[in-house]
1. Given H placed on each backbone N at 1.01 Å, which residues far from A:Leu131 in sequence or on other chains put an amide H within less than 5 Å of it?
2. Using amide H atoms built 1.01 Å from N in the peptide plane, name the residues 5+ places from A:Trp142, or on other chains, whose amide H lies under 5 Å from its own.
3. With +1 assigned to the C-beta of every Lys and Arg and -1 to the C-beta of every Asp and Glu, and no other charges, what is the dipole magnitude of chain B about the Cα centre in debye, to the nearest 20?
4. Between B:Met498 and B:Leu477, with labels modelled 7 Å along Cα→Cβ, what's the label distance in nm to one decimal, could you check?
5. Using amide H atoms built in the peptide plane, which far-off residues or other-chain residues are under 5 Å from A:Val151 H to H?
6. Using unit Cβ charges (K, R positive; D, E negative) and no other charged atoms, how large, in debye to the nearest 20, is the dipole of chain A about its Cα centre?
7. Compute the distance from the alpha-carbon center of the stretch B:110-155 to that of the stretch B:483-558, in whole Å.
8. Given R₀ = 22 Å, FRET efficiency for B:Val217-B:Glu574 by Cβ-Cβ distance, to 0.05?
Amino acid sequence: MDITLRHERGRRRLGALLGVMLAGSVVAACGGDYPQSTLHPTADFGYQVDSLFRTIFWWAVAVFVIVETMLMYVIVKYRERPGSPDPRRIHGSTLLEVAWTLAPAVVLVFIAVPTIRTIMNVTGDAPEDALVIDVVGHQWWWEYRYQDFGVTTATDLHVPQGQPVQLRMTSADVIHSFWVPKIGGKRDVMPGRTTFIAFTPDSVGAYYGQCAEFCGESHAHMRLRLMVDPPDDFDTWVRGQQAAPSEAVTLDADAQRGREAFAAVRTPGNHSCLACHAVEGLAFGALGPNLTHLASRSSIAGGILPMDADALTRWLRDPLTIKPGSLMPDIDLTEDEISTLVAYLLTLR
Amino acid sequence: MATAALTVDAPGFGSRVWSWITTTDHKRIGILYGVTAFVFFLLGGLEALVIRAQLAQSSADLVSADFYNQLFTMHGTTMVFLAIMPLSAAFFNYIVPLQIGARDVAFPRLNAFSYWVFLLGGLLMNASFFFGAAPNGGWFGYANLTSTQYSPGLNIDFWVLGLQILGVASIAAGINFLVTIINLRAPGMRMMRLPVFTWMTLVTQFIVVTAFPVITVALVFLMFDRTFGTTFYSVAAGGDVLLWQHLFWLFGHPEVYILILPAMGMVSEVIPTFSRKPLFGYAVIVYSGLLIAILGWGVWAHHMFAVGMGPVADAVFSSTTMLIAIPTGVKIFNWLATMWGGKLSLKTPMLFSLGFIAMFVVGGLSGVMHSSAAADLQQTDSYFVVAHIHYVLYGGAIQGIFSGIYYWWPKMTGWMLNERLGKTHFWLSFIGLNLAFFPMHFIGLLGMPRRIYTYDAVLGVDAMNFMSTVGAFIIGLSTIVFVVNVWYSRRERIEAGMDPWGAATLEWSIPSPPPNYNFTAIPEVVSRLPQWSDTEMKAIPTEPEGEIHMPGGSYWPAVSAVGILVLAVGALLESLAFALGGAVVLVVGIYAWAFEPFEM
Ligand SMILES: [Cu+2]
Ligand SMILES: [Cu+2]
């Protein structure tokens, strides 16, 4: 009896604990600013997936409540008590078994129909007037090419609000997966194949994303930002990217020396900045991100560092500590070289 | 467990070890499987705790990125191939022959061979840690990240060779158990009288012998790519990275059932025993197991909804996957109906079975969410999936296996486990698992991908990750309680007797632990629940009538297994001498084994 009571209490306490956990998690998931949440979509792709998810979610909750309630009921009701009679040895009931074969089947129909409808709507096909952007996954950063505008950039993906966009994606090395939860689901990005995501973003903002397919040592550091700009701002951004940058401004002495350091041929040869990076009019490397308008980005190194003098300095000093395995090598640079390089890089607006 | 056979005036240590190395007794091999798998389970658990410690807060740097990748790869690989599968195998070995009224498995020496190959494969894979080169490509090892270009070290070689060795062990054991269950049933033990655990073993082994060849093909391609420069997965040479995914998941989804069906079988034994009622709808439970095994072959691409297979394939694989929920749901309802109107005794084995049902429902429902291809575009490769697999594999498979451990422990050792400690174990593990895995649903929905060694505070998932870490450590604590219970059981030696639970099946009609010949006389089975049946079974005599001849031990299975290991080391070091040496040992071992005089 005493033991029974203790268990009763234990179970109630456990129930309370699980309740708190559930409530806590739900509250946590609803409020607050979650830049990478799947629960707060801001594009048509995301809305469709989200509403499908919610449909399935509520069915799952219903089934969960029914089954777990039955389980609790059985445990409480049929628990052995002193003097409880020996049970009747029933071996089955065809009627009941047919019933609970059909019941889940019916529920599944209610899930399957919207599922298939949504599948047909999120194939990645886009209308004629969509802005097509080529996305290339690299270990461990994202490259974007706007063929229509002749613009190549990295990490920050700018799109105009309200305009259908299609991402045409492939990989330069291993398999990655492009995922910006707020615009919708992910899609894998594979070498030798082209995959598509189509969406129309409907609210201005900066949304977080991240590679979702394990792609090697620094997989955790392969992040990105989706910048949804008002159409006018987007046009301004495009014009800024199209202009040749460094030549347009007169460089001060430091930046001028930085430009020379950038263009210098180093030993070993693959330590020369221009072997890997492109800066329009100066360098044509293609292994690393195009730096022509580096300073106009919000972050560097696959979205893990802000774009500022301090972060650039740290990055040039020691990229491999910041991003283990990165293809950007530790280059023997003097502190003076680093500060002039940073001064130069900051002029690349 | 290994020392269970210890008696006070035991023979010398050397000869005892030798007797374990040469044993062909299914019960001792079962114990070897159990102990080894449990050690690997602890190792995989330790890896999980380091992982959770690293993820307890954002931007932590307890471990390096590469070591983290090794940890999660080995955690997954270990738990699947070195813990859950062989823990189930421990019960196949120990219990199935007893349940069907046999004196051993069909091929006792092949059985020993399976164990030794499994052990050496597991050791080889884990030896990689000593070289700082543990596998680091994830347990599903996607091409082309596993190519020499992107993974030049030995890490992936350890993985490829280790898995191939484990595959040999699994396939050999699979064939052995198929033959055993089909051919060695006692008179009257018709197929539809087989205990459900034996049925699920049969189904599982059928999946093993059909699914493992598929991953073997995938691994051989990969090994050839890495060692001999073939180009099966090389895009530049016209290969296709998706080939790997299709092959891997064609194996990988059936593998899920290899992991869960045995646990379902155990739960199907425990629930009737502790409800004092026969299983409700025996035939439907059996057929639904078969149906799951068959449907399980038509759903693999649900792991690939994000690769862009096109809407038709996505819709088809969504639908087939949803179909599987039906036989699974049927099982759950049948278990509930078994308990309905019963007399439930909430002993530890039953608690774990109830825990199994409660948690498997959660994992099953998140599984239905993934089955919806479009919705899965958000969930796949996020922590939502990590929550799902852990509800299925910890909440399901592991809880089911613990249910089996508590249930059959008295049969296997002759001693009871302590109920208080058992209940403590259960509740700690139950609370721990929910605390560890429930928040992961939300962590995933809030956008945290899986397999990342660090995350940014801006995601807003710090608190939930911390909660999850606390839960993981509670699970660790619960496992310690279990170990204490084992120690306690060995110290207190509370006699179990033949049938401490009043259970129905054949294994409870003989002493605990059973003598090496199991049954003094082969029983004549007259019903599905011989111990509960109204038509009395002919009593099994307490003393054998004449001398019972059992096959003697043999060291050739172990020698052959060593040959395979050396062969693999040769491949690892790319040393022809080693490889040839291993091949010679293997051939000599099998030859000597085949021509060994059959001791009677
Ligand atoms: Cu990636
Ligand atoms: Cu699957």
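Every read-out reported here was derived from the displayed coordinates using simple, explicitly stated rules and does not represent laboratory data. Treat the numbers as computed from the prediction; the structure is a model and nothing was measured. Counting neighbours? That spans all protein chains shown, and the Cβs are built from the backbone with ideal geometry, glycine included.
1. Residues meeting the amide H criterion: A:Val165, A:Gln166.
2. Long-range HN contacts for A:Trp142: A:Thr155.
3. On the way: 25 positive and 30 negative charges, 214 e Å.
Here chain B has a charge dipole of around 1020 debye.
4. 4.3
5. Close amide H contacts, sequence-distant or interchain: A:Tyr146.
6. Details: 29 positive and 38 negative charges, 446 e Å.
That gives chain A a dipole magnitude of about 2140 debye.
7. 38
8. Values: r = 22 Å, r/R0 = 1.00.
That pair, B:Val217 with B:Glu574, gives E of 0.50.
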